[in-house]
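K.L.:
Supplied in structure tokens, the structure appears directly below.
The values are calculated or read from the model by the stated rules, or taken from the named source; none is laboratory data. Only a predicted model underlies this, so the values are computations on that prediction, with no experimental measurement involved. No Cβ is skipped: glycine too gets one built from the backbone with ideal geometry, and neighbour counts run over all protein chains shown. Remember, those area values only see protein heavy atoms, side chains included, never the ligands or the DNA or RNA. Shrake-Rupley method; radii C 1.70, N 1.55, O 1.52, S 1.80 Å.
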Amino acid sequence: MFPDTFLWGSATSSYQIEGAHDVDGRVPSIWDTYCAIEGNIADASNGDVACDHYNRYREDVALMANLGLDAYRFSIAWPRIISDLSGTVNELGLDFYDRLVDELLSRNIRPFPTLYHWDLPQYLEDEGGWVNRDTAYRFAEYTEAVLGRLGDRIDTFTTLNEPFVSANHGYVTGEHAPGRTSMAEGMAASHHLLLAHGLAGERIRELTPHARLAITLNFTPVEPASDSAKDLAETALKDDLENRWYADPIAGLGYPTKTAEHYNWDQSEVLDDDLDLISQPIDVLGVNYYTRNVVSTRNVLRPADLPRNSMGWEIHAPSFGGLLRGLHSRYSFPAILITENGCPMPDNIRDEQGIVDDDRLDYVRSHLAEVHGAIEDGVPIEGYMVWSLFDNFEWAWGYGPTFGIVEVNYRTQERTPKKSARWFSAAAASNGFDMGDFDG
Ligand code: IFM
């Protein structure tokens, strides 16, 4: 059994599910622009309609309530809230989140909004995006607008989702919007994202003193494929970049120096006081975990017999428990919330109730078992949000990979809970993860 207060939730993000891309004053985001470029998205799709959640949020919240969920993590679309460079606030955009929050509260579902899950307004990218320090100040202004409207009903504000992915995929590898490919720009972007977190954190403390401050980071535990000096060195670099680059400065440890030097980053973007702002105490660390990385410098395929999800990511639950214990012993943040965990699977078996996804169910169960073990060892984990509530737009992969515990028929927009959703609902009801042979 989990502690009585354990939260059972699901997670989504604005661009991945909302649709309604040109409604009620929403302006284009970098993802609208990126999707319009041929070759960027595997199935040439975009988030124009997605799960049409903007129009269907009431029935979606009812579905969460039917599943018995306690919490819902969603993100707020900055391009719905601030219309232009001069900071014009779009009340219609705020109205949507106002309605959503009220709907959730009326069903006793705790809202966990994230302020930035990758949909930067295009007008800010046109000024340099996250490479431009000014974007961090614009983020603080946007945060203020959200706090003014929702602050009275929200107890935890999360600033950023996975800044590593924003900076790395968006500015270094180019596999995400805005599609730039420069290590130097990636480094600058990473610092400005953290600065944005710090500036927004100040506003949250000042304007909503009752609310907790959180940030969500993604972690991919690394292991060397061999004990060769090269593999060990490469593993250490990856560990710094993927697992410590953001958490260390937040915890007051600064950027991993050796790795910064390795990438020739002279930290010239880090101005006086920045690191103090960034390291102001947080209340909650949001943890996203999907897979581990076995690091090899040799160009060999990793063993083919490892279980993988439909995007090819290895399934390795024990790394999750190890990660949670490791985070607690290194940083001791006051609380940890699992803000994403889940997997895309083939979803090709059906019965009369819908998709029979025993593979996803096993993934969630085995990862919840790791969470439980970590709690027993003293890690202060307050809840688990499965990624994702719905099948949705999986960024550069388009709609191919299905992460949802609820199937979405994109033609009819019909939602059908998969077997994993029924299992998750039963797990939430029993506040555990071992319900024997679930036949649901
Ligand atoms: O879909 C994404 C989500 O937006 C951020 N975390 C990882 C998920 C799966 O790739």
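K.L.:
If you go through the stretch 321-348 one residue at a time, how many are within 16 Å of the ligand (Cβ to nearest atom) and among the β-branched types (V, I, T)?
P.N.:
2
K.L.:
Scan the stretch 95-127 residue by residue and report those that are in a helix (DSSP H, G or I) and either open to solvent by 30 Å² or more (accessible area, probe 1.4 Å) or of a type in the set (D, E, K, R) (or both).
P.N.:
D95, D98, R99, D102, E103, L105, S106, Q122, Y123, E125 - these are the residues of the stretch 95-127 that are in a helix (DSSP H, G or I) and either open to solvent by 30 Å² or more (accessible area, probe 1.4 Å) or of a type in the set (D, E, K, R) (or both).
K.L.:
Something else about it: Of all residues being touching a Pro at 6+ places or on another chain (Cβ under 6 Å) and part of a loop (DSSP other than H, G, I, E, B) in the stretch 400-420, which is farthest from the ligand (Cβ to nearest atom)? Just the residue, please.
P.N.:
Filtering the stretch 400-420 for residues that are touching a Pro at 6+ places or on another chain (Cβ under 6 Å) and part of a loop (DSSP other than H, G, I, E, B), the one farthest from the ligand (Cβ to nearest atom) comes out as T402.
K.L.:
Suppose we filter W423, W387, W397 for residues that are open to solvent by less than 20 Å² (accessible area, probe 1.4 Å), within 16 Å of the ligand (Cβ to nearest atom), of a type outside the set (D, E) and in contact (Cβ under 8 Å) with a residue 24 or more places away in the chain; which single one remains?
P.N.:
W387
K.L.:
Against the definition (open to solvent by 50 Å² or more (accessible area, probe 1.4 Å), within 19 Å of S425 (Cα to Cα) and of a type outside the set (D, E, K, R)), how does M1 come out, yes or no?
P.N.:
yes
K.L.:
Just wondering, is there one or more residues in the stretch 128-150 that are within 16 Å of the ligand (Cβ to nearest atom) and hydroxyl-bearing (S, T, Y)?
P.N.:
No - not one qualifying residue is present in the stretch 128-150.
K.L.:
So which pairs qualify, if the first residue must be in the stretch 110-126 and closer than 15 Å to G201 by Cα and within 14 Å of the ligand (Cβ to nearest atom), the second must be in a loop (DSSP other than H, G, I, E, B) and of a type outside the set (S, T, N, Q), the Cβ gap must be under 8 Å, and the two must be at least 6 apart or on different chains?
P.N.:
What qualifies is T114/I76.
K.L.:
Same structure again: I'd like the residue in the stretch 58-86 that is part of a strand (DSSP E or B) and within 19 Å of the chain's Cα centre (by Cα) and, out of all such residues, is nearest to F139 (Cα to Cα).
P.N.:
Among them, the one singled out is S75.
K.L.:
Which residue pairs have Cβ atoms under 8 Å apart, sit 6 or more places apart or on different chains, and have a first residue in the stretch 360-371 that is open to solvent by 10 Å² or more (accessible area, probe 1.4 Å) and a second that is not small (G, A, S)?
P.N.:
Every condition considered, the pairs that remain are R365/W423; R365/F433; R365/D434; A369/F433; A369/D434; E370/P318; E370/F320; E370/L324.
K.L.:
Would you mention how many residues in the stretch 14-61 are among the acidic types (D, E) and buried (at least 16 other Cβ atoms within 10 Å of the Cβ)?
P.N.:
Final tally of qualifying residues: 4.
K.L.:
Here is a further query. Determine whether the stretch 161-173 contains at least one residue that is within 16 Å of the ligand (Cβ to nearest atom), assigned to a loop (DSSP other than H, G, I, E, B) and farther than 18 Å from L195 by Cα.
P.N.:
So far as the stretch 161-173 goes, yes, one or more of its residues are within 16 Å of the ligand (Cβ to nearest atom), assigned to a loop (DSSP other than H, G, I, E, B) and farther than 18 Å from L195 by Cα.
K.L.:
How do the pairs read when you match residues in the stretch 218-232 that are among the small types (G, A, S) and open to solvent by 30 Å² or more (accessible area, probe 1.4 Å) with residues anywhere that are assigned to a helix (DSSP H, G or I) and more than 16 Å from the ligand (Cβ to nearest atom), using Cβ under 9 Å and keeping only pairs 6 or more apart or on different chains?
P.N.:
A225/D231; A225/T235; S226/L232
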